[in-house]
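Enquirer: Sharing a structure here in structure tokens format.
The values are calculated or read from the model by the stated rules, or taken from the named source; none is laboratory data. Treat the numbers as computed from the prediction; the structure is a model and nothing was measured. As a convention, Cβ positions derive from the backbone with ideal geometry for all residues, glycine included, and neighbour counts pool all protein chains shown. Remember, those area values only see protein heavy atoms, side chains included, never the ligands or the DNA or RNA. Shrake-Rupley method; radii C 1.70, N 1.55, O 1.52, S 1.80 Å.
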Amino acid sequence: MVTLEPLRADHADALLAFERENRAYFARTVPDRGDAFFTAAGFAARLQALLDEQHARVCRFHVVLGEDGELIGRVNLMDLADGTAELGYRVGEQAAGRGVATAAVTQVCRLAATDYGLTSLTARTTLDNPASMRVLTRNGFIRVENTMVGGQPGVRYVRRSLDASPDSP
């Protein structure tokens, strides 16, 4: 259904187009990235910073490709340290509601355990994003506390035992 690829420099054009196309959609539930992010120069600088973090193994960034190879989402692991990382993801409006986020998070959880040596993940979402909460729950994340996400009320989740399937005890 979906394929994950590690973020590369040659994803730049497709990724910027994806972010621009979905800006208003994403801003409904997550803080907007600001006008500078969406300029060619601002985006190029941000992409290079992400690639540098990935090269340093501080973060792992992925693009989500649909069946036709089009970029339909992102799924990332940030701040890798001591066997854990924070999960973040976004799926474009055209792909929403089709199981893409659930499938992408399932794949990145598997990669986190097998390729990146992680044992647990955390994730946060705003309270007004029930779709994201369902994705996390379907992938074995447990709600642990209320928090703030970009100045909005949210909730933090955790998933331990990445080597087990979400349905395992």
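Enquirer: Take residues that are touching a residue at least 24 places away in the same chain (Cβ under 8 Å) and either out of contact with any Cys (no Cβ under 7 Å at 6 or more places or on another chain) or under 16 Å from residue 6 (Cα atoms) (or both) and tell me which of the strands (runs of 3 or more DSSP E) falling wholly in the stretch 61-169 contain 2 or more.
Expert: 71-81, 84-91, 120-126, 152-160
Enquirer: Additional query: Scan the stretch 51-78 residue by residue and report those that are under 15 Å from residue 14 (Cα atoms) and open to solvent by 50 Å² or more (accessible area, probe 1.4 Å).
Expert: 68, 70
Enquirer: Of everything in the stretch 90-116, what is open to solvent by 50 Å² or more (accessible area, probe 1.4 Å) and of a type in the set (Gly, Ala, Ser)? Give them in sequence order.
Expert: 97
Enquirer: Tell me yes or no: at least one residue of the stretch 79-89 is open to solvent by less than 50 Å² (accessible area, probe 1.4 Å), in contact with a Ser or Thr (Cβ under 9 Å, 6 or more places away or on another chain) and among the small types (Gly, Ala, Ser).
Expert: Yes, there is a match, as at least one residue in the stretch 79-89 is open to solvent by less than 50 Å² (accessible area, probe 1.4 Å), in contact with a Ser or Thr (Cβ under 9 Å, 6 or more places away or on another chain) and among the small types (Gly, Ala, Ser).
Enquirer: Of all residues in the stretch 24-50, which are surrounded by 15 or more Cβ atoms within 10 Å (Cβ to Cβ) and part of a loop (DSSP other than H, G, I, E, B)?
Expert: 29, 30, 33
Enquirer: Quick test for you: out of 21, 5, pick the one residue that is touching a Gly at 6+ places or on another chain (Cβ under 8 Å) and surrounded by fewer than 19 Cβ atoms within 10 Å (Cβ to Cβ).
Expert: Numbers: 5 fails: touching a Gly at 6+ places or on another chain (Cβ under 8 Å).
On inspection, the qualifying residue turns out to be 21.
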